[in-house]
Amino acid sequence: ASSATSLQLVVAGTGGATAATDDKTITITDLLPVTAVESISGCDAPGSTSLVLPSWTPQSGELLLLGMAWRNKPAARTVSGNGLTWTLVAERDNDRVSAIGIALYRASGASPTAGSITIDMPGNTLPVYAAAVRLSNVDTAVNQGIEAVATASGPAAADDANMKVAVTTVTANAM
C-alpha cells in the first residue's frame, strides 16, 4: 500500500460568461509527505523596478515555488536567484483590468546557493507582492527535473474573474 501524498495548486483562469479552459493545475506527488520547509515574502516600494526577497538557503532537490501579484504589469519581468533557473508555470491577467495579474514560477536544482530571489520589473510603477516556498520530499527527478507542471483543469467558477486562486491538497491533511 502506498502512502502517496499530493499537493495541488490551481491558478484560475479568466472565467467569464463561458466555461474557461485556461485554468492551470500544478500537482506535486511523492511517496513521502510533501513538507513546506520555509516561506519568504516581500513587497516593493511604488516605482521600484526590482523586488529582492529575504535571503534563504534552499537545499539540493527541493522544489521552490514563487508566486507574485502586480497592479501594473511589468512588460519584461525576470526572476533570478539561488543559482537556479526560474521557469514560468502559469500567468493570469485580471479580465477587468489586464494590468493586474498573478504569476507562478518554479525552480529546483542539485546545487542551489544561499541568497535572495530577485524579480526585475523594468518600467514598474506600482507595488508588486511576491511569496516563495521551499518544498521537500518532492520527486524532482521527473518531468525535466521538476514534478510541477501546468495542465488544463477547466471550467472556472464564476468569481475567478476576480483573480481567485485556490490551494488544496489532494490528500486530506497532507500539509
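Within the range 112-143, restricting attention to residues that are within 13 Å of the chain's Cα centre (by Cα) and surrounded by fewer than 16 Cβ atoms within 10 Å (Cβ to Cβ), which residue is modelled with the lowest pLDDT? Applying the filter and picking the extreme gives Tyr129.
Within the range 51-60, restricting attention to residues that are buried (at least 16 other Cβ atoms within 10 Å of the Cβ) and of a type outside the set (Phe, Trp, Tyr), the residue that is nearest to Asn82 (Cα to Cα) is Pro58.
Across the range 121-139, the qualifying residues are those that are among the β-branched types (Val, Ile, Thr) and in a loop (DSSP other than H, G, I, E, B), and the one among them that is farthest from Thr49 (Cα to Cα) is Val138. I'd like to check something: does the range 89-98 contain any residue that is closer than 11 Å to Met68 by Cβ and at pLDDT below 90? Yes, the range 89-98 has at least one match.
Report, by residue number, each residue of the range 70-86 that is open to solvent by less than 50 Å² (accessible area, probe 1.4 Å) and modelled with pLDDT under 90. Listed by number, the residues that qualify are Trp70, Asn72, Pro74, Arg77. Looking at Arg92, Arg96, Arg106, just one residue is among the charged types (D, E, K, R) and open to solvent by 60 Å² or more (accessible area, probe 1.4 Å), and that residue is Arg96. In the range 144-160, the qualifying residues are those that are open to solvent by 60 Å² or more (accessible area, probe 1.4 Å) and not in a loop (DSSP other than H, G, I, E, B), and the one that is modelled with the highest pLDDT is Ala158.
The values are calculated or read from the model by the stated rules, or taken from the named source; none is laboratory data. None of the values given here were measured: they were computed from a predicted structure. Every residue, glycine among them, receives a Cβ derived from its backbone with ideal geometry; neighbour counts consider all protein chains shown. Areas reflect the complete protein model, heavy atoms only, side chains present, ligands, DNA and RNA absent. Shrake-Rupley method; radii C 1.70, N 1.55, O 1.52, S 1.80 Å.
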